[in-house]
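**Q** I am attaching a structure below and will ask some questions about it afterwards.
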Amino acid sequence: MSKGWESWTEQDVANFQTEFLTWYQQEKRNLPWRYNHDPYRIWISEIMLQQTRVDTVIDYFYRFMEQFPTIQDLANAPEDKLLKVWEGLGYYSRARNLQAAAKQIMEEFGGQFPTTVEEIRSLKGIGPYTAGAISSIAFEIPEPAIDGNVMRVVSRLFCIEADIAKASSRNIFDEAMRKIISQDQPGDFNQAMMDLGSSICTPTSPQCELCPIQNYCQAYRKNRQTAFPIKSKKQKPKDVYYVAGIIENRQQEIFLQQRPETGLLANMWLFPLEEISPSRFKELQEQYDPNDWDLFSSTLVAEDSPDFFPEQEIVWQKKVLGEVKHVFSHLRWHILVFYGRSAEMLTLDGQWVKPKDFPQYVFPKPQQKMLEVFENNLADDKD
């Protein structure tokens with residue numbers, strides 16, 4: 001494979017850097033984590049930005065820094081408080097890794113954020129990209145920060161044929177970036193790459209007419225912009241089917257269950273879920289029309305009611321309140337939401353909670369969606 005960057009002279013690199021960084025200084029986004037070079041703020045922002053849009057992260061970042069303004073505050077925070085602040089961002093292992101790394105900093109680095117790439121890489125949850133971003137932006141170390149945006153820009157810049165879905169390809173992009181990264185302003189250079197990839201050199205419709213490095217781009221010269229990057233298709237997430245039970249008792253409390261301490265959505269709270277087969281899911285979709293009855297104006301009857309959680313004394317509403325879908329990186333959940341009432345103690349593990357106390361519990365995104373389905377039914381019934 002040809003390495004287009006090897007043909008660049010020192011003057012080519014210098015000219016490229018000057019034009020690119022001039023564009024960045026004129027066009028850079030005003031983001032709350034860019035106001036200073038505090039490595040803690042940069043670290044938190046970079047972890048939040050993984051798999052999440054910038055517009056979504058901004059409010060979360062403000063709330064997070066308000067609750068945990070220092071590394072020590074983060075290290076000492078109760079986990080449920082941390083997860084509550086993180087609620088809705090998803091990929092909750094990121095938040096747990098942040099706290100684990102904060103404790104590591106307190107114990108191994110005297111509460112001071114480490115200052116070398118090797119030390120930063122030793123922190124829990126920090127990989128090559130995040131280490132490159134922190135070390136370059138906070139400490140002006142010329143370390144590449146290579147994510148999907150950067151690989152897209154660089155692959156077009158040099159017509160790199162390597163498959164970006166393969167881990168082994170990162171070495172190629174690392175070599176290219178080390179050739180062109182600014183030694184004097186590596187943080188600005190990495191952030192310029194991020195901004196260019198997110199705003200102009202986009203995946204499907206790159207705005208080449210606005211690109212500050214158009215004159216250097218091999219893909220543009222060959223009219224092959226959309227041919228890059230090369231990326232093999234990843235495996236589709238597995239479909240999993242559930243019924244969810246919104247169960248209410250005579251005290252108007254709702255039953256919640258806490259997930260296990262490890263695994264998907266660890267320690268979070270959801271309505272009880274029961275996994276069912278795809279065929280049973282389809283049968284329930286067809287059998288119980290969400291438009292049959294209003295939620296509370298009809299009588300709940302045991303006869304012919306759905307057979308969920310069969311060992312529990314629950315009378316189910318003979319309708320489905322709605323359907324919720326949620327995609328994880330490797331799973332796609334399909335959930336039919338049903339409402340039921342119970343006059344007896346349940347043998348399920350969990351606890352009864354007043355709806356007014358829900359804000360005290362950490363709800364993952366699927367739970368928030370199910371709760372919205374329930375609340376929408378309540379609102380419709382009152383109309």
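The values are calculated or read from the model by the stated rules, or taken from the named source; none is laboratory data. Only a predicted model underlies this, so the values are computations on that prediction, with no experimental measurement involved. Heads up, the Cβs are rebuilt from the backbone with ideal geometry, glycines too, and the neighbour counts pull from every protein chain shown.
**Q** Among the residues of the range 189-211, count how many are out of contact with any helix residue (DSSP H, G or I) (no Cβ under 6 Å at 6 or more places or on another chain) and either of a type outside the set (Val, Ile, Thr) or assigned to a helix (DSSP H, G or I) (or both).
**A** 10
**Q** In this structure, is Gln51 over 30 Å from Phe113 (Cα atoms) and either assigned to a loop (DSSP other than H, G, I, E, B) or assigned by TED's automatic domain parsing to the domain that holds Ile134 (or both)?
**A** No, not satisfied.
**Q** While we're here: Hey, can you tell me all the residues within the range 326-383 that are closer than 16 Å to Gln252 by Cβ, among the aliphatic types (A, V, I, L, M) and touching a helix residue (DSSP H, G or I) at 6+ places or on another chain (Cβ under 8 Å)?
**A** Listed by number, the list holds a single entry, Leu371.
**Q** Among the residues of the range 85-130 satisfying the criterion of being of a type in the set (D, E, K, R) and in a loop (DSSP other than H, G, I, E, B), which is farthest from the chain's Cα centre (by Cα)?
**A** It comes out as Lys124.
**Q** Name the residue, out of Trp8, Trp23, that is modelled with pLDDT of 95 or more and more than 17 Å from Ser198 (Cα to Cα). Write out each step before concluding.
**A** Values: Trp23 fails: more than 17 Å from Ser198 (Cα to Cα).
Unique residue meeting the criteria: Trp8.
**Q** Next up: If I go through the range 154-184 residue by residue, how many of them are touching a Gly at 6+ places or on another chain (Cβ under 9 Å), among the β-branched types (Val, Ile, Thr) and surrounded by fewer than 24 Cβ atoms within 10 Å (Cβ to Cβ)?
**A** Total satisfying the criteria: 1.
Here's the yes/no breakdown for (1) farther than 24 Å from Gly132 by Cβ; (2) within 27 Å of the chain's Cα centre (by Cα):
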residue: Lys166; (1), (2): no, yes
residue: Asn171; (1), (2): no, yes
residue: Met177; (1), (2): no, yes
residue: Met194; (1), (2): no, yes
residue: Gln207; (1), (2): yes, yes
residue: Asn215; (1), (2): yes, no
residue: Ala219; (1), (2): no, no
residue: Arg250; (1), (2): yes, no
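**Q** Does the range 286-297 contain at least one residue that is under 31 Å from the mean Cα position of the chain (by Cα), surrounded by fewer than 14 Cβ atoms within 10 Å (Cβ to Cβ) and either within 30 Å of His37 (Cα to Cα) or not acidic (Asp, Glu) (or both)?
**A** no
**Q** Looking at Glu79, Glu27, Glu46, which one is surrounded by 18 or more Cβ atoms within 10 Å (Cβ to Cβ), touching a residue at least 24 places away in the same chain (Cβ under 8 Å) and among the acidic types (Asp, Glu)?
**A** Only one candidate qualifies: Glu46.
**Q** Still on this model: Note down all Cβ pairs under 6 Å where the first residue falls in the range 95-107 and is farther than 17 Å from Gln67 by Cα and assigned by TED's automatic domain parsing to the domain that holds Gln51, the second is aliphatic (A, V, I, L, M) and in a helix (DSSP H, G or I), and they're at least six residues apart or on different chains.
**A** Close Cβ pairs satisfying both conditions: Ile105/Ile71; Met106/Ala75.
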